[in-house]
Every structure is written in C-alpha cells, then in structure tokens.
Amino acid sequence: MRIGVTSDTHIPVRGHSLPAILIQEFSNVDLILHAGDILTMDVLRELEKLAPVKAVYGNMDKPETSEQLQQKMIIEVESVKIGLFHGSGSKIGLASRIKKEFSNNTTPIVDCIVYGHTHVPECRFEDNILFFNPGSPTDTVFAPYRSFGIIEVNGNKIKGKLITIN
C-alpha cells in the first residue's frame, strides 16, 4: 500500500493551495495521512478527491477544524500500525514525547509514528519504529525546504521517502 503523507499545510496563511507536485504524487496513493495544522477543512476535501484521508488536528487549527478531528489516532495498514499525531511544544525531545503517546507503559504499540509541528522533514528508525515527519509543503519557516512524503507498506514491512519541493 502506498500512503501520501503531509502536515503543516497552513492554507491559506502559508500558501494559497497545495503544490502541484503533491497533488500529482498523491494521485497515485491508496491513502493520505495529514498530521495537522490544516487550518481549513477545504484542504482535506481537496485531498479526499485523490484518496481516502485520515487526519488529526494541530496546535494552529481553529475550533472549526479541530472539533471535526481527533488529536491522535492509530491506523492499521496491512500488518502495520501507524500512529498519527501533530505534536506540540519545543522541537527538542519532540520524538520522545510523541513516542510516549503511542506506548503502553514503556512498550510501543505502533510500528510507525507520523507527526508534524516542526516543519522539519525526518525519516528514521529508532527502536524499530519509523519516525516520519513529512515537513511542510507550503512553508520553510523552520526548515531548509518544503516537503511531503510517501510511506510504503508491504505486509509487516514499512519504508518512508521524503520528497523535496523545489
């Protein structure tokens, strides 16, 4: 299964629309994950034209958006569990704080954690968990470039790929 991943779209504040390359890439996915800071539900409606969407709200989402979404969720794809959460606070130690959101005591309950908040793209394994932050497709305030990502799941295997927007 091919999953399109985005976060921190901040439309219409940081951008007027989703980038064409993101639309093109997400036209060939089975599922789209949005890790918050959406700002307007119009963004999700646009993404839903491409594939089913699962989304959580972020710290910048207004009540008209956040009241329609969950703060966090777990999505099961084939034999993989993906935790979806925006994040908050300092980027220092963010991955550790988010990991606790998807742990039972000290045992992780997911195979992958998709998050946003920092706008800094990340794709790395730690303790057999894929930590995946797609960055922001519309903003470079904290990152060197705009980006989004693709996650591929095959049975119980998962891999991620970040895509830079020029």
(request) Find out how many positive minus negative residues lie around Ser96, taking Lys and Arg as positive, Asp and Glu as negative, among other residues whose Cβ is under 14 Å from that of Ser96. (result) +1
(request) Using Cα centres only, tell me the gap between the stretch 59-135 and the stretch 5-42 in whole Å. (result) 17 Å
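Just the C-alpha atoms of the chain: what Rg/Rh do they give, with Rh taken as the Kirkwood radius? Could the numbers behind the result be given before it?
On the way: Rg = 14.3 Å, Rh = 15.5 Å.
Dividing the radius of gyration by the Kirkwood radius yields 0.93.
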(message) At 0.36 nm per residue, and after removing the present C-alpha to C-alpha distance, how many nm does the segment from Thr164 to Tyr145 gain when stretched out fully?
(response) 6.2 nm
(request) Grab the DSSP H runs of the chain that are 4 residues or longer, score each as -39,500 (n - 2.57), total them, divide by all residues and round the 222 nm result to the nearest 500 deg cm²/dmol. (result) -4000 deg cm²/dmol
(request) For the stretch 114-123, just list the computed ³J(HN,Hα) in residue order, Karplus coefficients 6.51, -1.76 and 1.60, θ = phi - 60°, integers in Hz, with x standing in for Gly and Pro. (result) 9, 8, x, 6, 7, 6, 8, x, 8, 8
(request) Treat each spin label as a single point 7 Å out from the Cα along the C-beta direction, and report the Ser103 to Lys81 distance in nm. (result) 1.5 nm
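By how many nm would the segment from Ile21 to Ala51 lengthen if fully extended, with 0.36 nm per residue of separation less the alpha-carbon distance?
9.3 nm
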(request) Between beta-carbons, use under 9 Å as the cut-off and find the net charge around Met1, counting Lys and Arg +1, Asp and Glu -1. (result) -2
(message) With both bridge residues required to lie in the chain, what share of the DSSP beta bridges run antiparallel, to the nearest 5%?
(response) 65 percent
(message) I want to check the label-to-label distance for Val120 and Ser90. Put each point 7 Å from Cα in the C-beta direction and report it in nm to one decimal.
(response) 1.2 nm
(message) Quick query: amide H of Ser147 versus all other amide H atoms, modeled in the peptide plane; which residues come in under 5 Å with a sequence gap of 5 or more or a different chain?
(response) Ser136, Thr138, Asp139, Ile165
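No lab work stands behind these numbers, since they all come straight from the coordinates. All values reported here derive from a predicted model rather than from experimental measurement. Every residue, glycine as well, gets a Cβ built from its backbone with ideal geometry; the counts of neighbours run over all protein chains shown.
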